[in-house]
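Each reported figure results from applying straightforward, stated rules to the coordinates on display, with no laboratory input. It should be emphasised that the depicted structure is a prediction, and the values quoted were computed from it without experimental measurement. For neighbour counting, all protein chains shown are included, and Cβ atoms are generated from backbone atoms with ideal geometry for every residue, glycine included.
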Amino acid sequence: MTKDFLAITDWTEQEIRETLALAAKMKKGEIAPRPLEGKTAALIFHKPSLRTRLSFETGVWELGGQGMFITDAEIKLGVRESIHDVAQVLSRYVGLITIRTFSHDHVIELAANAAVPVINALTDRFHPCQVIGDILTVQEHLGRIDNLSVAFLGDGNNVFHSWANLASRIPLDLRLGTSEKTMPDEKIVAYAQTNTKSKITITHDPVEAVKDVDIIYTDVWASMGEKDKVDERTALLQKFQVNDELLKQAKDSAIVMHCLPAERGREITDRVMDGPHSVVFDEAENRLHAQKAIMVQLLNR
Ligand code: CP
Ligand code: NVA
């Protein structure tokens with residue numbers, strides 16, 4: 001097991017499965033480890049958050065520790081002092097660092113220079129904690145995580161990248177329905193395709209993406225840091241909106257997922273988000289259990 005959890009690909013297939021099993025056990029209350037007893041975890045957030053911040057603060061407390069939230073207004077990472085020096089100083093105080101920021105490279109540099117585990121709480125490139133919470137939700141609703149068909153509709157951005165990373169580890173039929181101008185990183189897609197048990201398809205046809213799938217997934221069309229692009233993205237991605245008509249093309253048993261926050265009426269309709277196929281609030285809940293398991297794994301490695 002690596003010291004840090006910065007991307008799904010930091011872990012082997014077995015480590016992902018073990019973490020999932022641990023999260024399920026902790027959720028059921030079968031075990032309640034406290035590896036953070038008497039310790040503090042730094043929670044650095046350079047972007048807004050509801051789920052990630054609150055689930056980490058709650059999770060840290062449930063693992064016996066206390067979370068300390070700090071924004072970039074205080075740290076000014078790499079500006080007030082170098083990322084190296086911030087990493088060194090934090091390692092003298094805290095048992096664990098979680099960071100949500102823009103640049104993935106900054107998180108890599110922080111982790112490389114910190115003596116304690118660093119967890120990626122979202123960068124412009126990846127959102128690995130989200131996807132661990134998502135597969136816990138999939139396991140609960142569909143009874144398995146292997147060989148499922150997943151239609152990701154919308155922006156080929158950080159959350160999709162983490163799903164592509166997952167496909168490099170777990171057999172998946174992953175289909176991205178997106179526009180020509182919102183394509184994912186080619187290298188991330190190419191790496192996912194190295195897993196011969198997974199199939200990755202990118203299409204500009206929403207019906208082709210969702211035909212008979214087990215899971216429909218969506219995310220906002222303009223991510224944090226690019227909200228000025230929302231009108232342009234809406235024009236590009238309108239036909240990928242998750243609505244009743246598109247949902248009819250999926251399996252009757254299909255579940256609808258969204259990492260949240262949602263822009264209701266844009267990438268997903270109210271009817272679908274509040275409808276019987278939606279598991280979006282279970283996903284939100286499972287961030288807590290997934291992240292507790294991630295922290296336990298890193299602290300016990
Ligand atoms: N899904 C997610 O990461 O939500 P927040 O931005 O509210 O943390
Ligand atoms: N893609 C979104 C995910 C939010 C959890 C963003 O980066 O804003």
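Rounded to the nearest 20 debye, the dipole size of segment 158-261 about its Cα centre is 320 debye, using +1 on the Cβ of Lys and Arg and -1 on the Cβ of Asp and Glu. The H on the amide N of C259, modeled in the peptide plane, is under 5 Å from the matching H of T218, each at least 5 residues off or on a different chain. Largest first and in whole Å, the equivalent-ellipsoid semi-axes of segment 115-185 read 20, 19, 9, each the square root of five times a Cα gyration tensor eigenvalue.
The helix-only estimate of mean residue ellipticity at 222 nm for the chain, built from DSSP H runs of length n ≥ 4 each weighted as -39500 (n - 2.57), is -12000 deg cm²/dmol after division by the residue total.
Each distinct pair of alpha carbons in segment 162-297 adds a 1/r term; the inverse of their mean, the Kirkwood radius, is 15.9 Å. Shown in residue order for segment 27-34 are the 3J(HN,Hα) couplings computed by the Karplus curve 6.51 cos²θ - 1.76 cosθ + 1.60 at θ = phi - 60°: 5, 6, x, 6, 9, 9, x, 10 Hz (x for Gly and Pro). Note on segment 211-301: with charges restricted to the Cβ of Lys and Arg (+1) and Asp and Glu (-1), its dipole about the Cα centre is near 280 debye.
A cut-off under 15 angstrom between Cβ atoms defines the neighbours of R80, and their net charge, with Lys, Arg +1 and Asp, Glu -1, is -3. Let a ≥ b ≥ c be the square roots of the eigenvalues of the Cα gyration tensor of segment 97-239; is it rounded (a/c under 1.5), or, if not, prolate (a/b larger than b/c) or oblate? Here segment 97-239 falls in the oblate category. Here the Kirkwood formula, the inverse mean of 1/r across different C-alpha pairs, assigns segment 197-249 a hydrodynamic radius of 12.6 Å. Note on the chain: dipole from Cβ charges, positive end direction compared against L77, T52, V94; the farthest Cα belongs to V94. Counting only aspartates and glutamates at least 8 places from K227 when in the same chain, those with an alpha carbon closer than 17 Å to its own are D124, D155, D219, E263, E267.
Pick out, in residue order, every one of the GluC sites (Glu not before Pro) in segment 1-69 that is DSSP loop and has at most 16 other C-beta atoms within 10 Å; say none if there are none. Write out the running numbers ahead of the final one.
Values: sites: E13, E15, E18, E30, E37, E57, E62; in loops: E30, E37.
Answer by residue number: E30, E37.
Tell me which lysines have Cα within less than 21 Å of K76's Cα, excluding those fewer than 8 residues away on the same chain? Partners found: K47. Annotation: amide H of R100 within the under-5 Å range of I44, F45, H46, A121, sequence separation 5 or more or interchain, hydrogens built in the peptide plane.
What's the Cα-based Rg to Rh of segment 83-144, Rh via Kirkwood? Each step should come with its number before you reach the end.
On the way: Rg = 14.4 Å, Rh = 12.8 Å.
Radius of gyration relative to Kirkwood radius: 1.13.
Place a +1 charge on the Cβ of each Lys and Arg in the chain and a -1 charge on the Cβ of each Asp and Glu, then give the dipole magnitude about the Cα centre in debye, rounded to the nearest 20. Intermediate values should be presented prior to the final figure.
Values: 35 positive and 43 negative charges, 127 e Å.
Taking the Cα centre of the chain as origin, the dipole is about 620 debye.
Dividing the Cα radius of gyration by the Kirkwood radius, what Rg/Rh value follows for segment 1-107?
Numbers: Rg = 15.0 Å, Rh = 15.3 Å.
Rg/Rh for segment 1-107 comes to 0.98.
Where the alpha-carbon atoms of segment 232-295 are placed on the principal axes, they occupy 40, 32, 16 Å, in descending order. Listed values for segment 284-301 are Karplus-derived 3J(HN,Hα) couplings in whole Hz (6.51 cos²θ - 1.76 cosθ + 1.60, θ = phi - 60°), namely 4, 4, 6, 4, 4, 5, 5, 5, 4, 5, 4, 5, 4, 4, 5, 6, 9, 5, and x replaces Gly and Pro. In the chain, inverting the average of 1/r over every pair of distinct C-alpha atoms gives 19.4 Å as the Kirkwood radius.
Computed on segment 69-205, with alpha-carbon pairs under 8 angstrom and 6+ residues apart, the relative contact order is 17 percent.
Applied to segment 104-112, the Karplus parametrisation 6.51 cos²θ - 1.76 cosθ + 1.60 on θ = phi - 60° returns per-residue 3J(HN,Hα) values of 5, 4, 5, 5, 4, 5, 4, 5, 5 Hz, with x for Gly and Pro.
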